[in-house]
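Engineer: Please see the structure below; I have some questions.
The values are calculated or read from the model by the stated rules, or taken from the named source; none is laboratory data. This structure is a prediction, so every number in the text was calculated from the model and none was measured. Note that we place each Cβ from the backbone using ideal geometry, even for glycine, and neighbour counts take in every protein chain shown.
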Amino acid sequence: MTSQVSSPAEQADGTVTGEQRKAAGAKDVRRLDRVIIRFAGDSGDGMQLTGDRFTSETASFGNDLSTLPNFPAEIRAPAGTLPGVSSFQLHFADHDILTPGDAPNVLVAMNPAALKANVGDLPRGAEIIVNTDEFTKRAMQKVGYTSSPLEDGSLDGYHLHPVPLTTLTVEALKEFDLTRKEAERSKNMFALGLLSWMYHRPTEGTEKFLTSKFAKKPDIAAANIAAFRAGWNFGETTEDFAVSYEIAPATTAFPVGTYRNISGNLALSYGLVAASRQSDLPLFLGSYPITPASDILHELSKHKNFGVRTFQAEDEIAGIGAALGAAFGGSLAVTTTSGPGVALKSETIGLAVSLELPLLVIDIQRGGPSTGLPTKTEQADLLQAMYGRNGEAPLPVIAPRTPADCFDAALEAARIALTYRTPVMLLSDGYLANGSEPWRIPELDELPDLRVQFTQGPNHTLADGSEVFWPYKRDPQTLARPWAIPGTPGLEHRIGGIEKQDGTGNISYDPANHDFMVRIRQAKIDGVDVPDIEVDDPHGARTLVLGWGSTYGPITAAVRRLRTAGESIAQAHLRHLNPFPKNLGAVLKAYDKVVIPEMNLGQLATLVRAKYLVDAHSYNQVNGMPFKAEQLATALKEAIDG
Amino acid sequence: MAETTTEGTGTIEALSLVPKAEARQSMKDFKSDQEVRWCPGCGDYAILAAVQGFMPELGLAKENIVFVSGIGCSSRFPYYMNTYGMHSIHGRAPAIATGLASSRRDLSVWVVTGDGDALSIGGNHLIHALRRNVNLKILLFNNRIYGLTKGQYSPTSEVGKITKSTPMGSLDAPFNPVSLALGAEASFVARTIDSDRKHLTEVLRQAAAHPGTALIEIYQNCNIFNDGAFEALKDKQSAQEAVIRLEHGRPIRFGADNSRGVVRDRATGDLRVVTVTADNEADILVHDAHAASPTTAFALSRLADPDTLHHTPIGVLRSVERPVYDAQMADQLDTAIEQKGKGDLAALLAGGDTWTVLG
């Protein structure tokens, strides 16, 4: 056993336990219930691609899975250095899992830097596959190894597999007309082949992928496939790898349905396309490239045949400006960005609040402040989303909880924006954006009906009996104003950021009117219909853990561990941050203690304490990485005992 | 002011996707019920009247016309037009209008902006709208001063301008908006003057007919904070030497009895003003607004002296056809449907690699 402690659901590890049998060959095959693998190398080594491919193989095999890509902001950081290390962690299992895992059972280290940067995360007994070709004296010195860790005994507690990956790859490709340097570049595919053999992954998908990725360079495609197969065959034949592992598909963990693997940004993109179809409105995205949101711009740009217009603007402000212009014209308008972009868009978000037009503002949060940590995750934009505008400028805020949930969150954001004629902030983050998990593909008839009615005629009768259109005459239920788009005869009207007279929308500096308008804009948002928060509390606990956004996986995994260990703890997770669910106050007051783990310094806790006068305890981590379940379980245990 | 009634010709290709008005329109149809709140004597009144007077000529359904503005005195303009309108935020009107125009090709979209709005805080959006060539008509009211914030110098103020924020004189060199627009790849650039309604209307006419972004710089008098800024161009006497009226296909001549003209300096290639004589008459430059290269238009824009305004060209400096952004964006959507078929959401969600869990 490794040092990992886990619930039955997350108990087994990738090392030694499990039923054994002999494969057709001479090698042992062991059955495991879950494994955590981390691929690590230089930023140029193709580790993200390798991880993606292993994930796809694993998804198509039917395991439950969760991934954690982790890479530097530099495209090609200095080779062989610690800051240049890029890694991809994948947790897969024959049962329902929630996180990418705390500690890898297997590390693939492509160079000394990758070993040094990651070995500290490994439990004793973990397997380490190293590319020995890269362990030259110079490369080791570069990262501070004075002696070779492969020989000095420092890795004695691990199961080390020294493999000359580069040499083997070059050897395997000698029939190809490639330079040594070109051949070496396929070493990640060799490693992928080896790991695919070790874990009995299906290989057709990767071969198909390589063929289509390099369709214009068939030689390169063939070389990569050859390297991939060579890696597989190496595992099959070499004596160093005596055992391979089976992890059965997670058939019982999933409800009936058709599944695929999906990342948060892809799910979000699909959610937007689906919202366009369900609302019968053309989708317009105004955006400026920014990590980690750009993939949504890339993805939506591929779907012009859905009537999707994507506009890469000159800056963040123009991105949201163009979206707002399209919203005025009757599009389902979206802008995508990260925290620094939200800061630039703030004035236009305020205008959208004042104009009361539907607009989706998607913030894929990253480490801040300022440029911060572009490729790392954080959830520290909550207060910016809530309050980061001049004047009283309330807007609804929602957050997805898992990568696949980004699909539903996009639809929910669209529902609120269209129903209430308001900008809506959706707070995803880098972990959700790039992480992936299986997703049950919904049937189209399961999707919500988001159709809207544009105003077609006058909505008000003046004292003299004449029929007129008042752009700020509100729906009595939702307090939404009418959406009358250009091209509608007789409804010509002017709107703007200056305070408007209630009803007519004409410019008004009247003090009482301003007071009224400020309050009614607030009342509209406060009145947004959001479902009650559900509490998971099977044992009548005294302590509640409350979360929001991407902490759902780690919190739920920690709660499982605690309950397995006999502790009582209740769990609730917020999708709607503004307005809060109506029952939230009562839920919080029903517990002696409320703990709120966040990847910030306590932003939700601040909101909850201010609104409900509840002495909520904050548990915080802002290191650019998601919480680990083990660490959270310990913190929650202390809260229960404290 | 006389109210004109004109019937739309309905022949302008650039507006072919915009529905036509069903009935004859008059200037009155374009006046909103809002009280106009500019200072008495402001040049904006004359521009408003000229635009309201010109609109019936286009014969467009007025519900398909949108005016978008930023912030500043001129940006109140949309409130006074009985069309759709948005008074947005400082400098952003070109960006907002770009989203509207590129998603709604059945609209005639006009941007109203000022020298501070377009050239200071919104400079980036202006140049990018021009290079993209979105179907927008941008009316840039240039009064060379900040009016709404009560009289600070603007990015078009002459060097040494004494204002509240520059008691010892402004230091920064001004933009020449026409030069800037030409440098930003604008396909249509014109300049006109608030007080010359006939000229202003003719420029509007040509701009409306232009497919793509049109930038019209309108010299506008702020009688409160910068009164008489364009007097050199308005006073009958001084205007003779100051104003160069450009007409496509006509020799560029001006001054009393057309005694002055523009010629190309053979040594430098630059343009200069000469007194026309029998010897040089044949060398007088003939204005070609449709020239593929913007070089001569740029040289013309540099003739004006930023201090005295002498040799200020007005009229259409450049009008060339090039691909229009919103048309190309729509074409890409059509092409995508031709190539891949109309989007099938179920197929998109399913993607390639799926697996099925059975009950």
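Engineer: Could you please find all residues in the stretch B:98-115 being within 7 Å of another protein chain (Cβ to nearest Cβ) and surrounded by 24 or more Cβ atoms within 10 Å (Cβ to Cβ)? Lay out the reasoning, then the answer.
Structural biologist: Narrowing the stretch B:98-115 to residues within 7 Å of another protein chain (Cβ to nearest Cβ): B:98-100, B:102-104, B:106-107.
Within the stretch B:98-115, B:Thr98, B:Gly99, B:Leu100, B:Ser102, B:Ser103, B:Arg104, B:Leu107 qualify.
Engineer: Right, next: Find the residue count for the stretch B:181-194, including only residues that are out of contact with any strand residue (DSSP E or B) (no Cβ under 9 Å at 6 or more places or on another chain) and in a helix (DSSP H, G or I).
Structural biologist: 1
Engineer: Is it the case, given these coordinates, that B:Leu285 is surrounded by 14 or more Cβ atoms within 10 Å (Cβ to Cβ) and in contact (Cβ under 8 Å) with a residue 40 or more places away in the chain?
Structural biologist: Working: surrounded by 14 or more Cβ atoms within 10 Å (Cβ to Cβ): yes; in contact (Cβ under 8 Å) with a residue 40 or more places away in the chain: no.
No.
Engineer: Let me ask something else about it. Would you confirm whether any residue within the stretch B:219-229 is surrounded by fewer than 18 Cβ atoms within 10 Å (Cβ to Cβ) and free of Cβ contacts under 8 Å to residues at least 60 places away in the same chain? Spell out how you get there, then give the answer.
Structural biologist: Of the stretch B:219-229, the ones surrounded by fewer than 18 Cβ atoms within 10 Å (Cβ to Cβ) are B:223-224, B:227-228.
Imposing the further condition that a residue be free of Cβ contacts under 8 Å to residues at least 60 places away in the same chain reduces the set to B:227-228.
Checked against the condition, which is being surrounded by fewer than 18 Cβ atoms within 10 Å (Cβ to Cβ) and free of Cβ contacts under 8 Å to residues at least 60 places away in the same chain, the stretch B:219-229 yields at least one hit.
Engineer: So in the stretch B:302-341, with the set limited to residues that are of a type in the set (S, T, N, Q) and touching a strand residue (DSSP E or B) at 6+ places or on another chain (Cβ under 8 Å), which one is farthest from the other protein chains (Cβ to nearest Cβ)?
Structural biologist: Applying the first criterion (of a type in the set (S, T, N, Q)) to the stretch B:302-341 yields B:308, B:312, B:319, B:328, B:332, B:335, B:339.
Applying the additional criterion that residues be touching a strand residue (DSSP E or B) at 6+ places or on another chain (Cβ under 8 Å) yields B:312, B:319.
Numbers: B:Thr312: 30, B:Ser319: 24 Å.
The extreme case among them is B:Thr312.
Engineer: Within the stretch A:330-342, restricting attention to residues that are assigned to a loop (DSSP other than H, G, I, E, B) and surrounded by 24 or more Cβ atoms within 10 Å (Cβ to Cβ), which residue is farthest from the other protein chains (Cβ to nearest Cβ)? Full working, then the answer.
Structural biologist: Going residue by residue through the stretch A:330-342, those that are assigned to a loop (DSSP other than H, G, I, E, B) are A:330-331, A:338.
Still in the list and also surrounded by 24 or more Cβ atoms within 10 Å (Cβ to Cβ): A:331, A:338.
Numbers: A:Ser331: 5, A:Ser338: 19 Å.
For the stretch A:330-342, the residue satisfying everything is A:Ser338.
Engineer: Let me spell it out: the conditions are (1) within 12 Å of chain B (Cβ to nearest Cβ); (2) touching a Leu at 6+ places or on another chain (Cβ under 8 Å), and A:Trp483 meets all of them except one. Which number is the exception?
Structural biologist: Evaluating A:Trp483 over (1) within 12 Å of chain B (Cβ to nearest Cβ); (2) touching a Leu at 6+ places or on another chain (Cβ under 8 Å) leaves (1) as the failure.
Engineer: If we only count strands (runs of 3 or more DSSP E) wholly inside the stretch A:3-87, which ones have 2 or more residues that are modelled with pLDDT of 80 or more? Spell out how you get there, then give the answer.
Structural biologist: Working: elements: A:20-22, A:28-32, A:34-42, A:64-70.
In the stretch A:3-87, A:28-32, A:34-42, A:64-70 are the strands (runs of 3 or more DSSP E) which contain 2 or more residues that are modelled with pLDDT of 80 or more.
Engineer: Sticking with this one: Can you tell me which condition B:Ser154 does not meet? The list is (1) farther than 25 Å from B:Glu13 by Cα; (2) surrounded by fewer than 24 Cβ atoms within 10 Å (Cβ to Cβ), and all the others hold.
Structural biologist: Failed condition: (2).
Engineer: In addition: So for the stretch A:216-224 (the condition being under 27 Å from B:Trp355 (Cβ atoms), in contact with a His (Cβ under 7 Å, 6 or more places away or on another chain) and away from chain B (no Cβ under 14 Å)), does at least one residue qualify?
Structural biologist: Here is the first cut: in the stretch A:216-224, the residues under 27 Å from B:Trp355 (Cβ atoms) are A:221, A:224.
From what's left, in contact with a His (Cβ under 7 Å, 6 or more places away or on another chain): none.
No, the stretch A:216-224 contains no residue that is under 27 Å from B:Trp355 (Cβ atoms), in contact with a His (Cβ under 7 Å, 6 or more places away or on another chain) and away from chain B (no Cβ under 14 Å).
Engineer: Of (1) in contact with a Lys or Arg (Cβ under 8 Å, 6 or more places away or on another chain); (2) exposed (fewer than 13 other Cβ atoms within 10 Å of the Cβ); (3) acidic (Asp, Glu), A:Asp515 satisfies all except one. Which?
Structural biologist: Every listed condition holds for A:Asp515 apart from (1).
Engineer: Output the residues belonging to the stretch A:496-510 that are in a loop (DSSP other than H, G, I, E, B) and either among the small types (Gly, Ala, Ser) or more than 10 Å from chain B (Cβ to nearest Cβ) (or both). I'd like the intermediate steps shown before the answer.
Structural biologist: So the first thing to find is which residues in the stretch A:496-510 are in a loop (DSSP other than H, G, I, E, B), and the list is A:497-499, A:501-502, A:504-506, A:508-510.
A:Gly497, A:Glu499, A:Gln501, A:Asp502, A:Gly505, A:Ser508, A:Tyr509, A:Asp510 - these are the residues of the stretch A:496-510 that are in a loop (DSSP other than H, G, I, E, B) and either among the small types (Gly, Ala, Ser) or more than 10 Å from chain B (Cβ to nearest Cβ) (or both).
Engineer: Can you pull out the residues in the stretch B:29-47 that are within 14 Å of chain A (Cβ to nearest Cβ) and part of a helix (DSSP H, G or I)? It would help to see each step written out before you state the result.
Structural biologist: In the first step, residues of the stretch B:29-47 are kept if they are within 14 Å of chain A (Cβ to nearest Cβ); the result is B:29-38.
Across the stretch B:29-47, the qualifying residues are B:Asp29, B:Phe30.
Engineer: Any residue at all in the stretch A:285-298 that's closer than 19 Å to A:Asp449 by Cα, assigned to a helix (DSSP H, G or I) and either modelled with pLDDT of 95 or more or more than 10 Å from every other protein chain (Cβ to nearest Cβ) (or both)?
Structural biologist: Filtering the stretch A:285-298 for residues closer than 19 Å to A:Asp449 by Cα gives none.
Checked the stretch A:285-298: no residue is closer than 19 Å to A:Asp449 by Cα, assigned to a helix (DSSP H, G or I) and either modelled with pLDDT of 95 or more or more than 10 Å from every other protein chain (Cβ to nearest Cβ) (or both).
Engineer: Might you let me know whether the stretch A:248-257 holds any residue that is more than 19 Å from the chain's Cα centre (by Cα), in a helix (DSSP H, G or I), within 7 Å of chain B (Cβ to nearest Cβ) and not aliphatic (A, V, I, L, M)? Let's see the steps before the verdict.
Structural biologist: Of the stretch A:248-257, the ones more than 19 Å from the chain's Cα centre (by Cα) are A:248-257.
When the remaining residues are screened for being in a helix (DSSP H, G or I), the result is A:251-253.
Next cut, within 7 Å of chain B (Cβ to nearest Cβ) only: A:251.
Keeping just the survivors that are not aliphatic (A, V, I, L, M) gives A:251.
Yes: the stretch A:248-257 contains one or more residues that are more than 19 Å from the chain's Cα centre (by Cα), in a helix (DSSP H, G or I), within 7 Å of chain B (Cβ to nearest Cβ) and not aliphatic (A, V, I, L, M).
Engineer: Provide a single number: the residues in the stretch B:311-352 that are surrounded by 17 or more Cβ atoms within 10 Å (Cβ to Cβ), not in a helix (DSSP H, G or I) and not hydrophobic (A, V, I, L, M, F, W, C).
Structural biologist: 7
Engineer: What is the one condition in (1) out of contact with any helix residue (DSSP H, G or I) (no Cβ under 8 Å at 6 or more places or on another chain); (2) modelled with pLDDT under 95; (3) within 14 Å of another protein chain (Cβ to nearest Cβ) that B:Asp353 does not satisfy?
Structural biologist: The number of the failed condition is (1).
Engineer: So which of A:Ala93, A:Ala114, A:Ala79, A:Ala59 ends up being within 14 Å of another protein chain (Cβ to nearest Cβ), touching a strand residue (DSSP E or B) at 6+ places or on another chain (Cβ under 8 Å) and either surrounded by 23 or more Cβ atoms within 10 Å (Cβ to Cβ) or of a type outside the set (D, E, K, R) (or both)?
Structural biologist: On the way: A:Ala93 fails: within 14 Å of another protein chain (Cβ to nearest Cβ); A:Ala114 fails: within 14 Å of another protein chain (Cβ to nearest Cβ); A:Ala79 fails: within 14 Å of another protein chain (Cβ to nearest Cβ).
After applying the criteria, what remains is A:Ala59.
Engineer: Pick out the one residue from A:Ala380, A:Ala414 that is assigned to a helix (DSSP H, G or I) and among the aliphatic types (A, V, I, L, M). Can you show your working first?
Structural biologist: Numbers: A:Ala380 fails: assigned to a helix (DSSP H, G or I).
After applying the criteria, what remains is A:Ala414.
Engineer: Hey, among A:Arg277, A:Arg260, which residue is within 11 Å of chain B (Cβ to nearest Cβ), under 20 Å from the mean Cα position of the chain (by Cα) and charged (D, E, K, R)? Walk me through how you get there before you give the answer.
Structural biologist: Working: A:Arg277 fails: under 20 Å from the mean Cα position of the chain (by Cα).
The unique qualifying residue is A:Arg260.
Engineer: Which of the residues spanning the stretch A:184-222 are part of a helix (DSSP H, G or I), touching an Asp or Glu at 6+ places or on another chain (Cβ under 9 Å) and among the basic types (Lys, Arg)?
Structural biologist: A:Lys187
Engineer: Where in the stretch A:542-642 are there strands (runs of 3 or more DSSP E), lying fully within it, with 3 or more residues that are touching a residue at least 60 places away in the same chain (Cβ under 8 Å)?
Structural biologist: Numbers: elements: A:543-548, A:570-574, A:576-578, A:593-598, A:617-620.
Ranges flagged: A:543-548, A:576-578.
Engineer: Which pairs turn up if I take residues in the stretch A:305-319 that are within 7 Å of chain B (Cβ to nearest Cβ) and acidic (Asp, Glu) and look for partners that are outside any helix (DSSP H, G or I) and surrounded by fewer than 24 Cβ atoms within 10 Å (Cβ to Cβ) with beta carbon separation below 6 Å, at least 6 apart in sequence or on another chain?
Structural biologist: If the second residue must be outside any helix (DSSP H, G or I) and surrounded by fewer than 24 Cβ atoms within 10 Å (Cβ to Cβ), the pairs left are A:Asp315/A:Tyr288.
Engineer: Which number in (1) away from chain A (no Cβ under 11 Å); (2) farther than 24 Å from B:Gly212 by Cα; (3) touching a helix residue (DSSP H, G or I) at 6+ places or on another chain (Cβ under 9 Å) marks the one condition that B:Pro56 misses?
Structural biologist: (2)
Engineer: A further question follows. For the list (1) crowded, with 24+ Cβ neighbours inside 10 Å; (2) more than 9 Å from chain A (Cβ to nearest Cβ), I need the number of the one condition that B:Gly123 fails.
Structural biologist: (1)
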